[in-house]
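Okay, so here's the structure we're looking at.
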Amino acid sequence: MGAPATPATPGRAELARLIEALVPAMRAAAARIEEVRRSGDFAAENKPDSSPVTAADRDAEAILRAAIRAAAPEAVIVGEEGVADGDMPAPAPAFWLLDPLDGTRDFLAGRDGYTVNAGLVVAGAPVLGLVGHPPSGRLWAGASGLGAFLEPEGEARVPLRPRPFADPPVLLLSHSHLDAETRAWAEAVPGAVQATAGSSIKFCLLAAGEADAYPRYGLTFEWDTAAADAILRAAGGITLGRGGRPLAYGKDGYRNGPFLALADPAAAGRLPAL
């Protein structure tokens, strides 16, 4: 018996259909998060890994799951909150990754660095992603072969285009999870400008041509990165793992290793290796 066939990436029409089917759900999930925030009634509980979870996380994931089930009834869905509750499907040839509230600590602290994330992975690569920013109403989306866009709430969509590697480059770092290895990597880039941003927004800023690289050594999970990584790749950027290979998805435990997200793929040779 031969090896199983590698699944084909859905065609442009199907990817476009899925984006349009999920945009209203992304908006609804963002609205629910802001509703919970305004109510002030969102005491956090600790999950088994000691990370916080609130009603906003759970409600947003339920909204996204329902929308994916309506659009693709047979879909395999791996959601951060579902996994915390013991529902961790094995990686499939095609599966969805959900982080309904990336940046819960920012949400709890009253900061605005949190997002809603839904991404589709096929054959180990992120091929479709949507990222919403509830405080501002901004929504980023993209898919393989379709490009990427920003949709401000109530406004027309704006195409996303990464910029060529700048001199000096702007490096985006996590403001709440900056570890010593990432800091050392950033400091090894001569003349680099260091800026901080929260959650998956960093990938979106690369896709929009507002920065050049996002290095990360600290632990992340695939649901933290898949949606925004798909947007960056659709716009023309790339995310590399160890060895300079594109970051793959469907790993053991859905854990990422170190990665480097780049607006300009050609810039990899001008930056330190991971």
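The values are calculated or read from the model by the stated rules, or taken from the named source; none is laboratory data. Just so it is clear, the model here is predicted, and its values are computed rather than measured. As a convention, Cβ positions derive from the backbone with ideal geometry for all residues, glycine included, and neighbour counts pool all protein chains shown.
In this structure, does P73 turn out to be more than 21 Å from the chain's Cα centre (by Cα), within 28 Å of G253 (Cβ to Cβ) and either polar (S, T, N, Q) or not in a helix (DSSP H, G or I) (or both)? Yes. In the set (1) at pLDDT 95 or above; (2) out of contact with any strand residue (DSSP E or B) (no Cβ under 9 Å at 6 or more places or on another chain), A72 fails one condition alone, (2).
Could you say whether any residue in segment 174-187 is under 15 Å from the mean Cα position of the chain (by Cα), closer than 28 Å to F107 by Cα and either modelled with pLDDT under 95 or basic (K, R) (or both)?
Yes, that holds for at least one residue.
Among the residues of segment 106-126, those identified as farther than 21 Å from S174 by Cβ and surrounded by fewer than 24 Cβ atoms within 10 Å (Cβ to Cβ) are V122, A123, G124, A125.
Whether any residue in segment 22-39 is assigned by TED's automatic domain parsing to the domain that holds P135 and not in a helix (DSSP H, G or I) is what I want to check.
Within segment 22-39, the first condition is being assigned by TED's automatic domain parsing to the domain that holds P135, and the residues that meet it are 22-39.
Imposing the further condition that a residue be not in a helix (DSSP H, G or I) reduces the set to none.
Taking every residue of segment 22-39 in turn, none turns out to be assigned by TED's automatic domain parsing to the domain that holds P135 and not in a helix (DSSP H, G or I).
When you check E45 against the structure, is it more than 24 Å from L146 (Cα to Cα) and in contact with a helix residue (DSSP H, G or I) (Cβ under 9 Å, 6 or more places away or on another chain), yes or no? In short, no. For segment 258-274, taking the residues that are assigned to a helix (DSSP H, G or I) and touching a residue at least 12 places away in the same chain (Cβ under 8 Å), the one that is surrounded by the fewest Cβ atoms within 10 Å (Cβ to Cβ) is identified as A266. Give me the residue from segment 212-236 that is in a loop (DSSP other than H, G, I, E, B) and surrounded by fewer than 24 Cβ atoms within 10 Å (Cβ to Cβ) and, out of that set, modelled with the highest pLDDT. Looking at residues that are in a loop (DSSP other than H, G, I, E, B) and surrounded by fewer than 24 Cβ atoms within 10 Å (Cβ to Cβ), I get G236.
Scanning segment 80-130 for residues being under 15 Å from L15 (Cβ atoms) and modelled with pLDDT under 95 gives a total of 0. Applying the criterion of being crowded, with 21+ Cβ neighbours inside 10 Å and hydroxyl-bearing (S, T, Y) to the residues of segment 190-204, the residue that is modelled with the lowest pLDDT is S199. Screening R111, R138 for residues that are basic (K, R) and touching a residue at least 60 places away in the same chain (Cβ under 8 Å) leaves exactly one candidate, R111.
This table checks each residue for (1) in a loop (DSSP other than H, G, I, E, B); (2) under 14 Å from L18 (Cα atoms).
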| position | (1), (2) |
| --- | --- |
| D59 | no, no |
| A62 | no, no |
| R65 | no, yes |
| I68 | no, yes |
| V78 | no, no |
| E81 | no, no |
| D87 | yes, no |
| A90 | yes, no |
| P100 | no, no |
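Annotation note: of G103, G79, the sole residue that is closer than 17 Å to R255 by Cβ, within 18 Å of the chain's Cα centre (by Cα) and either loosely packed, with under 15 Cβ neighbours inside 10 Å or in the same structural domain as I33 (by TED's automatic domain parsing) (or both) is G79. Pairs are defined by a Cβ separation below 9 Å, a sequence spacing of at least 6 or placement on different chains, a first member in segment 233-255 that is more than 12 Å from E222 (Cα to Cα), and a second member that is assigned to a strand (DSSP E or B) and among the aromatic types (F, W, Y); the pairs so defined are A235/F149; T239/Y214; T239/F259; L240/F259; G241/F259; R242/F259.
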